[in-house]
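To start, the structure under review is shown below, and the notes come after it.
The values are calculated or read from the model by the stated rules, or taken from the named source; none is laboratory data. It should be emphasised that the depicted structure is a prediction, and the values quoted were computed from it without experimental measurement. Virtual Cβ from ideal backbone geometry, glycine too; neighbours counted across all protein chains shown. The area values use the complete protein model at the heavy-atom level, side chains included, leaving out ligands, DNA and RNA. Shrake-Rupley method; radii C 1.70, N 1.55, O 1.52, S 1.80 Å.
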Amino acid sequence: QVHVVESGGGLVQAGGSLRLSCVASGRTLSNYATGWFRQAPGKEREFVAAIKWSGNTKRYPEFVKGRFTISRDNAKNTVTLQMNDLKPEDTALYYCAVETSGTLYSRPYEYDYWGQGTQVTVSS
């Protein structure tokens with residue numbers, strides 16, 4: 001079993017920044033990919049970023065490119081999502097997920113383990 005925990009959410013004004021962290025623990029993991037998703041009330045869960053085990057390959061949707069950066073520290077089993085220039089439409093519950101085959105999928109059902117989420121609220 002893999003346990004995934006997110007942290008770092010909060011309330012920020014538009015234009016501000018937040019740094020989310022995701023720690024995976026449990027059974028020995030290697031070569032897994034990690035993704036971030038978000039879900040606003042009444043909306044479907046949407047892909048935000050993903051990173052391969054090596055850290056050299058990343059994937060972002062267009063609406064976060066240039067604002068969000070994903071990185072990882074495998075020694076600490078930690079993946080970080082740096083979010084800059086936040087907008088009110090970025091308000092959502094942000095989830096971290098682990099994909100054990102190591103592929104950078106963008107669809108939620110392709111991920112194997114999920115955290116409980118951390119709330120990000122951006123005020124205008």
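Does the stretch 19-59 hold any residues that are open to solvent by less than 70 Å² (accessible area, probe 1.4 Å), of a type in the set (Val, Ile, Thr) and free of Cβ contacts under 8 Å to residues at least 60 places away in the same chain, and which are they?
Across the stretch 19-59, the qualifying residues are 23, 48, 51, 57.
For residue 84, state whether it is modelled with pLDDT of 95 or more and of a type in the set (S, T, N, Q).
On the way: modelled with pLDDT of 95 or more: yes; of a type in the set (S, T, N, Q): yes.
Answer is yes for this residue.
Only one of 100, 91 is under 15 Å from the mean Cα position of the chain (by Cα) and among the β-branched types (Val, Ile, Thr); which?
Values: 100 fails: under 15 Å from the mean Cα position of the chain (by Cα).
Result: 91 is the single residue among 100, 91 that is under 15 Å from the mean Cα position of the chain (by Cα) and among the β-branched types (Val, Ile, Thr).
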